[in-house]
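Please treat every number below as a calculation from the coordinates, not as lab data. Remember, it's a predicted structure, so these values are computed and weren't measured experimentally. No Cβ is skipped: glycine too gets one built from the backbone with ideal geometry, and neighbour counts run over all protein chains shown.
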Amino acid sequence: MFRGSSFHTIDPKGRIIIPSRFRDVIKDGGGDGMMITRMDKALFAYTFDAWGEIESKILSLAETSEYMRRFRRVFIGGAFECMNDKQGRILVPPTLRQYAGLEKEIALVGQINHFEIWSKDRYEEEMKRMEEDMKKEEVSIEIAKLGL
């Protein structure tokens, strides 16, 4: 499982060093690479096994709405297979780097079944927004449902 957050850099070629604790999960999840896609102005990285489950779920939906077609077009159509190199790095394609605003400093954020790749600045903004949202009653109620 992907847990915890860490800050790293992306090199000028677009390579990111994946922490060893994440590399172990990736290998156990079907290979020596991952599928990376875009959402929420960040990148979402899934093991091959987890990605297969997502694709199966999406295909099983009888939903033919315009919204679902657009979601599939962006989420599935924007995904790339990214393999680990011998140094434990992945190369993030330019289109994904541009979407997420990845330039130098980045944050890797574990999300149990996947991890997210954020520009450090956007991640810090997201953290501030969440802190503000947690002051709202409806957000507190949702969090309380978790028993926290």
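Miscellaneous remarks
- Close Lys pairs in the range 34-133, defined as Cα atoms under 26 Å apart and 8 or more places apart or on different chains, number 9.
- Cα principal axis extents for the range 52-108, largest first, Å: 42, 24, 17
- Ordered by the count of other Cβ atoms within 10 Å of each Cβ, fewest first, 74, 25 give 74, 25.
- MRE, 222 nm, helices only [DSSP H, n ≥ 4, -39500 (n - 2.57), over the chain, to nearest 500]: -12000 deg cm²/dmol
- The distance between label points at residue 104 and residue 144 comes to 4.5 nm (points 7 Å beyond Cα on the Cα→Cβ vector).
- Stokes-Einstein D in µm²/s, Kirkwood radius over Cα pairs - the chain at 37 °C with 0.692 mPa s viscosity: 199
- Residues 7, 2, sorted so that the one with the fewest Cβ neighbours within 10 Å comes first: 7, 2
- Dipole magnitude of the range 1-44 about its Cα centre (Cβ charges: Lys, Arg +1; Asp, Glu -1), debye to nearest 20: 100
- Legend: ranking of residues 99, 123, 67, 46 from fewest to most surrounding C-beta atoms inside 10 Å; resulting order 67, 99, 123, 46.
- Relative contact order (percent, whole number), the chain, Cα cutoff 8 Å, 6+ residue spacing: 34
- FRET E, pair residue 111, residue 72, Förster distance 25 Å, beta-carbon r, rounded to 0.05: 0.75
- Calculated over the range 106-148: convex hull of Cα atoms, volume per residue (Å³): 75
- A Cβ-based charge dipole, computed about the Cα centre of the chain with Lys and Arg at +1 and Asp and Glu at -1, lands at about 400 debye.
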